[in-house]
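> Supplied in structure tokens, the structure appears directly below.
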Amino acid sequence: MPIAVCVAGALGTVGRRLVEAVHTDPDFSLHSAIARREVGRDAGEAVGGEAVGVAITDDLTAALDAGPDVLIDYTHPAVIRETLAAAFARRVPVVIGTTGLSDADFQAIDAAARAAGVGAATGNFSITAALLQHCARIVARHVPHWEVVEYCKASKPDVPSGTARELAELLGAERPPEPGLPAADLVGPVAARGAEFGGARVHSIRLPGYTASVEAHFGLPGERLLLRHDSEPDGAIFVRGSLLAARHVRGTVGLVRGLDTIMFAP
């Protein structure tokens, strides 16, 4: 039986691509499509394709009550907690594509998912971003000095990006970085050294002309290693990983952080 997917944020950059992909993949079926506009219109036509026989709705509760196999959420940090509570209450596993959540948020989500006995997954669902995370984790076990730098368009409001924040937190869990100069020994504003996540420094650059990029910088005396991921503003890059996570969460309990965790699971 195809996996019945509810897509929340169906008319967003990623959601539009998901509606198309779920409809055309024989392993999945589009159960419902949630959005705040185009309500009542066929979801396929609303994203610029052929009719799929599923109308856009703004009623997430009713959609979840109808029993999808999994919810894939690409909405907004302001609503994701309410969405997760509704899904977990109905024992619907969730793929969380929404960014802007903190390590404390993820701990709370993991606890709530375990209490409900369902699975959830979060992270950057780009395949190559997941490979960056995987490789960076390996390097962090051997190189004790590292920092994260991320770039994006001037209008991106969350700093650091969800990808950079998660990368720093995951690397910090592998091995907390050894500190450089303590703050008391710095000359000038300490903020110039970036914000601290995962025990290390994370730097955010916001300028016109930039697309999303993240870099993990590793250094030893006399040598350095740079791992970098670049992405174009195309929601299609997150589809394959989101569907991979949708398959995985149906057989898990609790929160899985990082697509690489799923890709390289034993």
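The values are calculated or read from the model by the stated rules, or taken from the named source; none is laboratory data. Remember, it's a predicted structure, so these values are computed and weren't measured experimentally. Don't worry about glycine lacking a Cβ; one is built from the backbone with ideal geometry, like all the others, and counts go over all protein chains shown.
> Among the residues of the stretch 166-178, which ones are buried (at least 20 other Cβ atoms within 10 Å of the Cβ), under 14 Å from residue 102 (Cβ atoms) and modelled with pLDDT of 90 or more?
Of everything in the stretch 166-178, those that are buried (at least 20 other Cβ atoms within 10 Å of the Cβ), under 14 Å from residue 102 (Cβ atoms) and modelled with pLDDT of 90 or more turn out to be 167, 168.
> Would you check if residue 219 is modelled with pLDDT of 90 or more, outside any helix (DSSP H, G or I), more than 26 Å from residue 138 (Cβ to Cβ) and not assigned by TED's automatic domain parsing to the domain that holds residue 21?
For residue 219, the condition - modelled with pLDDT of 90 or more, outside any helix (DSSP H, G or I), more than 26 Å from residue 138 (Cβ to Cβ) and not assigned by TED's automatic domain parsing to the domain that holds residue 21 - is not met.
> Please go through the stretch 106-157 and give me each residue that is farther than 23 Å from residue 73 by Cα, touching a helix residue (DSSP H, G or I) at 6+ places or on another chain (Cβ under 9 Å), surrounded by fewer than 15 Cβ atoms within 10 Å (Cβ to Cβ) and of a type outside the set (A, V, I, L, M, F, W, C), ordered by number.
Passing the criteria: only 141.
> Moving on. Within the stretch 208-226, track down each residue that is of a type in the set (A, V, I, L, M) and within 16 Å of residue 144 (Cβ to Cβ).
216, 220, 225
> Let me confirm something: among 226, 255, 181, which residue is assigned to a strand (DSSP E or B) and loosely packed, with under 13 Cβ neighbours inside 10 Å?
Answer to the selection: 226.
> Inspect the stretch 191-209 for any residue being among the acidic types (Asp, Glu), under 22 Å from residue 100 (Cα atoms) and either touching a strand residue (DSSP E or B) at 6+ places or on another chain (Cβ under 7 Å) or surrounded by fewer than 10 Cβ atoms within 10 Å (Cβ to Cβ) (or both) and give the result as yes or no.
Within the stretch 191-209 (the criterion being among the acidic types (Asp, Glu), under 22 Å from residue 100 (Cα atoms) and either touching a strand residue (DSSP E or B) at 6+ places or on another chain (Cβ under 7 Å) or surrounded by fewer than 10 Cβ atoms within 10 Å (Cβ to Cβ) (or both)), the answer is no, since none of the residues qualifies.
> So, residue 106, is that one aromatic (Phe, Trp, Tyr), at pLDDT 95 or above and not assigned by TED's automatic domain parsing to the domain that holds residue 167 or not?
Considered against the rule, which asks whether it is aromatic (Phe, Trp, Tyr), at pLDDT 95 or above and not assigned by TED's automatic domain parsing to the domain that holds residue 167, residue 106 comes out as no.
> Failed condition for residue 59, given (1) under 30 Å from residue 253 (Cβ atoms); (2) in contact (Cβ under 8 Å) with a residue 60 or more places away in the chain, with all others met?
(2)
> Could you list, in sequence order, the residues of the stretch 22-43 that are surrounded by fewer than 20 Cβ atoms within 10 Å (Cβ to Cβ) and either of a type in the set (Lys, Arg) or part of a helix (DSSP H, G or I) (or both)?
Within the stretch 22-43, 24, 36, 37, 41 meet the criteria.
> When you check residue 114 against the structure, is it at pLDDT below 95 and either closer than 20 Å to residue 254 by Cβ or assigned to a helix (DSSP H, G or I) (or both), yes or no?
When the stated conditions are applied, residue 114 does not pass them.
> Counting only residues that are hydroxyl-bearing (Ser, Thr, Tyr) and in a helix (DSSP H, G or I), how many does the stretch 130-155 have?
0
> Sticking with this one: Among the listed residues 7, 92, 19, identify the single one that is touching a residue at least 24 places away in the same chain (Cβ under 8 Å) and part of a helix (DSSP H, G or I).
Selected residue: 19, the only one of 7, 92, 19 that is touching a residue at least 24 places away in the same chain (Cβ under 8 Å) and part of a helix (DSSP H, G or I).
> For residues that are within 14 Å of the chain's Cα centre (by Cα), among the small types (Gly, Ala, Ser) and within 19 Å of residue 14 (Cβ to Cβ), scanning just the stretch 83-105, find the one that is surrounded by the most Cβ atoms within 10 Å (Cβ to Cβ).
97
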